[in-house]
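K.L.:
Handing you this structure, nothing more for now.
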Amino acid sequence: MSVSPARWPCLDNLRTLLVAGIIAGHGILGYSGEFGWTYQAYRETSLAGLTQTVVLAVVGPFAVFLIALLFLISGLLTPGSLQRKGAGPYVRDRVLRLGVPWAVFALLVFPTLVHWLDRGIRHSRATWWQDLRRLVPTLDTGPLWFLPVLLLFSTGYAVWWRTAAMSPRMRRGGAPTGRTVALLVAGVAAGTFVVRLWLGLDTNQVAGLQVWQWPECAGLFALGTVASGHGWLVSVPPGIRRGTGRAVVAGVLVAIAVVVAVGPTRITGTDLAGGWNLPALGVAALEATLTVCGPIWLLAKAQTRLRFDGPQWRRAGRGAYTAYLLQAPVLLGLAVLLRPVPLAAEVKALVVALGGVLLCFDVGSLLVRRTRLGRHL
């Protein structure tokens, strides 16, 4: 079967699994005390300390590079999309696909969810309008924080593509090598360390933009735009695949050791989270290794293991982005439904995680196939 340059099944399948993993992870985080998710402030029960340690040690190192992987995939697809559409239509499409959902969520959906939770659980007497006026200045957008960041990067690249890079050779750039990856790790580590001198790990910024995570996002997006013109959409070079794989194994082992040593609830708000100190520098270096090498390694694996293109995978891939947009109301709704049920937090977390993935993808696929939203999502 020939593959259209506008569609790459392995990337679609990887993105589908990535979105499913993020949704499931947020479902579990609702019952945890580490790394913010909306339901944490309302949870009626919490995961046991040992459970949190195991989850963070096993899943945490891989969860670190999931968002970075989204930016790598976006970067890989951006040059081709620009060539097909042109800079103007491309930017308009990005605004509709990224900017509009973010604005709707920030100004309407999230304030409504918080108002509903406050009234139902905390018995708040505030009106919806009062909660809206209280929440809008911060524009907390939860899991959609990266949409305006990706819109910013995409628009900036489109402007550069249109005005500064007049020759195809300049647009394509040199082929990334192992040395390129190593330099990128060093650059992301340095950028992360500097940013976290002021904005520590898991701290809040206006609009929840998570600026403390931007160096890795920018680095992976830039790598994707360059690598796209050198065959990375088809195959990551074998040497880079092997090197990043070894780096990921080493990084995961170190991350597990750190989590076990310090505990799951002693990372944010400590020297590890940022500041002019060696622990913060070590975390920045470890995180840079995982967030740069992890996405590259996963991309390489997807190109050999996720090449299938059946109807179910195509349908899931088509609805993956919508599923991601739906996760907050779906996960919060499931958690609230389970509140009166006398189950352990571990069981509730599993039900919310798995049920959330299934519901988000089912509803997302339905919206894309049966409504006009499919034209833009």
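K.L.:
When you scan the range 46-57, how many residues do you find that are touching a residue at least 60 places away in the same chain (Cβ under 8 Å), over 14 Å from Leu29 (Cβ atoms) and of a type outside the set (Ser, Thr, Tyr)? Spell out the reasoning first.
P.N.:
So in the range 46-57, the residues touching a residue at least 60 places away in the same chain (Cβ under 8 Å) come out as 46-49, 51-53, 55-57.
Pick out the ones that are also over 14 Å from Leu29 (Cβ atoms) and you get 48-49, 53, 57.
Checking which are of a type outside the set (Ser, Thr, Tyr) leaves us with 48-49, 57.
So the count comes out to 3.
K.L.:
Let me confirm something: among Ala175, Ala164, Ala257, which residue is at pLDDT below 95, aliphatic (A, V, I, L, M) and touching a His at 6+ places or on another chain (Cβ under 6 Å)?
P.N.:
Values: Ala164 fails: touching a His at 6+ places or on another chain (Cβ under 6 Å); Ala257 fails: touching a His at 6+ places or on another chain (Cβ under 6 Å).
On inspection, the qualifying residue turns out to be Ala175.
For (1) modelled with pLDDT of 95 or more; (2) in contact with a Leu (Cβ under 8 Å, 6 or more places away or on another chain); (3) among the aliphatic types (A, V, I, L, M), each residue gets a yes or a no:
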site: Leu334; (1), (2), (3): yes, yes, yes
site: Arg339; (1), (2), (3): yes, no, no
site: Lys348; (1), (2), (3): yes, yes, no
site: Leu359; (1), (2), (3): yes, yes, yes
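Residues are listed down the side, and each one gets a yes or a no for (1) more than 21 Å from the chain's Cα centre (by Cα); (2) at pLDDT 95 or above; (3) surrounded by fewer than 17 Cβ atoms within 10 Å (Cβ to Cβ):
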| position | (1), (2), (3) |
| --- | --- |
| Val181 | no, yes, no |
| Gly191 | no, yes, no |
| Val194 | yes, yes, yes |
| Trp212 | no, no, no |
| Leu223 | no, yes, no |
| Gly229 | yes, no, no |
| Leu233 | no, no, no |
| Pro238 | yes, yes, yes |
| Gly251 | no, no, no |
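K.L.:
Among the numbered criteria (1) in contact with a Lys or Arg (Cβ under 9 Å, 6 or more places away or on another chain); (2) closer than 21 Å to Leu220 by Cβ; (3) not in a helix (DSSP H, G or I), which single criterion is violated by Thr155?
P.N.:
Of the numbered conditions (1) in contact with a Lys or Arg (Cβ under 9 Å, 6 or more places away or on another chain); (2) closer than 21 Å to Leu220 by Cβ; (3) not in a helix (DSSP H, G or I), the odd one out for Thr155 is (3).
K.L.:
Being crowded, with 18+ Cβ neighbours inside 10 Å, under 30 Å from Leu139 (Cβ atoms) and at pLDDT 90 or above, is that true of even one residue in the range 273-280? So that I can check it myself, show each step before the final result.
P.N.:
At the first step, the residues of the range 273-280 found to be crowded, with 18+ Cβ neighbours inside 10 Å are 273-274, 280.
Next, only the ones that are under 30 Å from Leu139 (Cβ atoms) stay: 273-274, 280.
Keeping just the survivors that are at pLDDT 90 or above gives 280.
Within the range 273-280, one or more residues are crowded, with 18+ Cβ neighbours inside 10 Å, under 30 Å from Leu139 (Cβ atoms) and at pLDDT 90 or above.
K.L.:
May I pose another question? Output the residues belonging to the range 345-377 that are over 13 Å from Ile23 (Cα atoms), assigned to a helix (DSSP H, G or I) and among the aliphatic types (A, V, I, L, M).
P.N.:
Within the range 345-377, Ala345, Val347, Val363, Leu366, Leu367, Val368, Leu373 qualify.
K.L.:
Out of curiosity, is Glu287 surrounded by 19 or more Cβ atoms within 10 Å (Cβ to Cβ) and over 25 Å from Val95 (Cα atoms)? Spell out the reasoning first.
P.N.:
Numbers: surrounded by 19 or more Cβ atoms within 10 Å (Cβ to Cβ): yes; over 25 Å from Val95 (Cα atoms): yes.
The answer is yes for Glu287.
K.L.:
So which of Gly75, Gly60, Gly33 is crowded, with 17+ Cβ neighbours inside 10 Å, modelled with pLDDT under 90 and more than 20 Å from Arg305 (Cβ to Cβ)?
P.N.:
Working: Gly75 fails: modelled with pLDDT under 90; Gly33 fails: crowded, with 17+ Cβ neighbours inside 10 Å.
Criteria check complete, one pass: Gly60.
K.L.:
Considering each residue of the range 117-131, count those that are surrounded by 14 or more Cβ atoms within 10 Å (Cβ to Cβ) and either in contact with a Leu (Cβ under 8 Å, 6 or more places away or on another chain) or not in a helix (DSSP H, G or I) (or both), and give that number. Quick ask: steps written out before the conclusion?
P.N.:
First, the residues of the range 117-131 that are surrounded by 14 or more Cβ atoms within 10 Å (Cβ to Cβ): 117-119, 121, 124, 126, 131.
Filter once more, so that each one left must be either in contact with a Leu (Cβ under 8 Å, 6 or more places away or on another chain) or not in a helix (DSSP H, G or I) (or both): 117, 124, 126.
So the count comes out to 3.
K.L.:
I need the full set of residues from the range 187-242 which are outside any helix (DSSP H, G or I), under 25 Å from Leu278 (Cβ atoms), touching a Ser or Thr at 6+ places or on another chain (Cβ under 9 Å) and among the hydrophobic types (A, V, I, L, M, F, W, C), in order please.
P.N.:
Leu201
K.L.:
Moving on to the next point. Just the residues that are modelled with pLDDT of 95 or more, touching a Cys at 6+ places or on another chain (Cβ under 7 Å) and of a type outside the set (A, V, I, L, M), please, taken from the range 304-332.
P.N.:
Matches in the range 304-332: Gln327 only.
The values are calculated or read from the model by the stated rules, or taken from the named source; none is laboratory data. In this text the structure is predicted, and so the values were computed from the model without any measurement. Positions of Cβ are backbone-derived with ideal geometry, glycine not excepted, and every protein chain shown enters the neighbour counts.
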